[in-house]
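Novice: Attaching a single structure in structure tokens format; questions to follow.
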Amino acid sequence: MQVMELHYRSIKKIPELCVPAGNFKILKYAVEYGADAVYAGGSMFNLRTLQDNFTVAELESAVNYTHEMKKKFYLTLNAIISENEIDDFLSYLEKIKNIRFDAIIASDPGAIKIIKNILPGKRIHISTQASISNHEAVNFWGSLGASRVNIARELGLDEINKICSKSDIEIEVFVHGALCISYSGRCMLSKYLSNRDANKGECSHTCRWKYYLMEEKRPNTFFPVDQDRRGTYIYNSRDLCLIDRLDEIADSGVDSIKIEGRMKTENYVSSVTWAYRQALDLIKQGKYSNAKKALLLKELDKTTHRTFTSGFMFNKSRKSPELADNDNVGYIKKYRFAGTVTGFSEQHDGPVILARNQVKINDILDILQPGKNPVKFKLVKMVNAKSGQPADVCNTNDSFIICGLGKINDMSLVKVKL
């Protein structure tokens, strides 16, 4: 029976790993660390317009690079389009219509109709904003020409299994990242409190703010609400993390697993991509043991994140404390992003690092490289790359050399254990 099980798992369909990219630099890290596809936004009409994003020229360069690396590039145009924006939307599509995107991610039916007119034959992926929750909705979008749908994050695994078995087009699910307090992201809280519309890509993440109670007859007296040492988080959700259940998700028949985080750094995107790439490869090999799951979860814990949750997919009740209890879900930070590689010093036998945060002698460095296991290195000697002099401390945006480490991958990420 064990041999048959290993054979079965070695030939099963492995979902695509779809990873966010907030800019061209992060896109390159995502690809190097194992993404099968990246999704990114231009300067308009996507749900992350406050991030760097890509100009039209950068989009063309990014798509060409992604294809050279044998990966796919999906453009997000998933904002809700208002009547007074249609002309601008048409104009923007004209500017990008000759770029070879592998698919367009959208949710507004009117926008999709316009996209199909201007970009005929282009694959359409339906965004999670459409709140697709059953196979009839999936097939409805398929009948309108969609190639893939990202189904609502509020579904359980049993529902996903049924949808996959009854659907005619590709199914994609989110497996990691921030969860919204509203149904699949259709939130008005940001618009109400800060006049920045989340459905236009301007979300101010109002649900992450700290809130207090105020009694109307005592206007300057504020009372905490379930406060912990980090603050009060009455709206704040936990972060989705499904790495230890990824084999079950793969068994459901989904075609793509998606990472949230187009506003995250290259450190976060690379680390999460590395972990899920490792997981998918182990599933393909029939080697995804509990021990491997624990190791990968430990790696994800090195990223800055809120308390992890399995979300709705593996909770039988939507009243589960894991979904409703918001205590102690402020950011958890066990490692600090130290920097990225910019060169190599033969003289000092070590990489040149551009510091993203302060680094000190005797720090324990955690070094992650594409396709390799992380390594630890105690920093006993470093040299300021500009002055050539030994240094005890290196501050943000300074360059330093890790003496004696030897050569590491140019896309390596250096972290410091706190």
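Novice: Every residue in the range 254-267 that is modelled with pLDDT under 95 and surrounded by fewer than 20 Cβ atoms within 10 Å (Cβ to Cβ), please.
Specialist: 263, 265
Novice: Scan the range 343-358 and report the pairs whose first residue is in contact (Cβ under 8 Å) with a residue 60 or more places away in the chain and whose second residue is buried (at least 17 other Cβ atoms within 10 Å of the Cβ) and in a loop (DSSP other than H, G, I, E, B), with Cβ atoms within less than 7 Å and a gap of 6+ or a chain change.
Specialist: 351/405; 351/408
Novice: Condition test on residue 233, is it modelled with pLDDT under 85, in contact with a Pro (Cβ under 9 Å, 6 or more places away or on another chain), outside the structural domain of residue 148 (by TED's automatic domain parsing) and over 27 Å from residue 35 (Cα atoms)?
Specialist: It is false that residue 233 is modelled with pLDDT under 85, in contact with a Pro (Cβ under 9 Å, 6 or more places away or on another chain), outside the structural domain of residue 148 (by TED's automatic domain parsing) and over 27 Å from residue 35 (Cα atoms).
Novice: Any idea how many residues of the range 260-315 are over 25 Å from residue 127 (Cα atoms), charged (D, E, K, R) and assigned to a loop (DSSP other than H, G, I, E, B)?
Specialist: Matching residues across the range 260-315 total 3.
Novice: Turning to a different aspect of this structure: Among the residues of the range 365-397, how many are in contact (Cβ under 8 Å) with a residue 12 or more places away in the chain and under 28 Å from the mean Cα position of the chain (by Cα)?
Specialist: Total meeting the criteria: 14.
Novice: Let me ask something additional. So which of 28, 12 is at pLDDT below 65 and of a type in the set (Lys, Arg)?
Specialist: After applying the criteria, what remains is 12.
Novice: Test of understanding: among 123, 153, 100, which residue is touching a helix residue (DSSP H, G or I) at 6+ places or on another chain (Cβ under 9 Å), in the same structural domain as residue 253 (by TED's automatic domain parsing) and modelled with pLDDT of 95 or more?
Specialist: 100
Novice: Still on this model: Just one of (1) farther than 22 Å from residue 36 by Cβ; (2) in contact with a helix residue (DSSP H, G or I) (Cβ under 6 Å, 6 or more places away or on another chain); (3) at pLDDT below 95 trips up residue 118, so point out which.
Specialist: (3)
Novice: With (1) of a type outside the set (Phe, Trp, Tyr); (2) modelled with pLDDT of 95 or more; (3) buried (at least 21 other Cβ atoms within 10 Å of the Cβ) as the list, and residue 143 as the residue in question, which single condition is left unmet?
Specialist: (3)
Novice: Six or more apart or on different chains, Cβ atoms under 8 Å: show the pairs whose first residue is in the range 151-162 and under 17 Å from residue 240 (Cα atoms) and whose second is surrounded by fewer than 20 Cβ atoms within 10 Å (Cβ to Cβ) and of a type in the set (Asp, Glu).
Specialist: Filtered contacts from the range 151-162: 157/248.
Novice: Here is a check on your reading of the model: is residue 19 in the same structural domain as residue 174 (by TED's automatic domain parsing) and touching a Ser or Thr at 6+ places or on another chain (Cβ under 9 Å)?
Specialist: Against the criterion (in the same structural domain as residue 174 (by TED's automatic domain parsing) and touching a Ser or Thr at 6+ places or on another chain (Cβ under 9 Å)), residue 19 qualifies.
Novice: Applying the selection to the range 99-117, what residues are exposed (fewer than 15 other Cβ atoms within 10 Å of the Cβ) and either farther than 24 Å from residue 71 by Cβ or free of Cβ contacts under 8 Å to residues at least 24 places away in the same chain (or both)?
Specialist: Listed by number, the residues that qualify are 109, 110, 113, 117.
Condition check ((1) touching a strand residue (DSSP E or B) at 6+ places or on another chain (Cβ under 9 Å); (2) loosely packed, with under 12 Cβ neighbours inside 10 Å) across all residues:
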residue: 379; (1), (2): yes, no
residue: 382; (1), (2): yes, no
residue: 387; (1), (2): no, yes
residue: 394; (1), (2): yes, no
residue: 397; (1), (2): yes, yes
residue: 403; (1), (2): yes, no
residue: 408; (1), (2): yes, no
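Novice: Sort out which residues of the range 116-136 are among the polar types (S, T, N, Q) and either within 18 Å of residue 72 (Cβ to Cβ) or under 27 Å from the mean Cα position of the chain (by Cα) (or both), and write them in order of number.
Specialist: 127, 128, 129, 131, 133, 134 - these are the residues of the range 116-136 that are among the polar types (S, T, N, Q) and either within 18 Å of residue 72 (Cβ to Cβ) or under 27 Å from the mean Cα position of the chain (by Cα) (or both).
The values are calculated or read from the model by the stated rules, or taken from the named source; none is laboratory data. Predicted model, so just to flag it, every value in this text is computed and none were measured. Here Cβ is always computed from backbone atoms with ideal geometry, including for glycine, and neighbour counts include all displayed protein chains.
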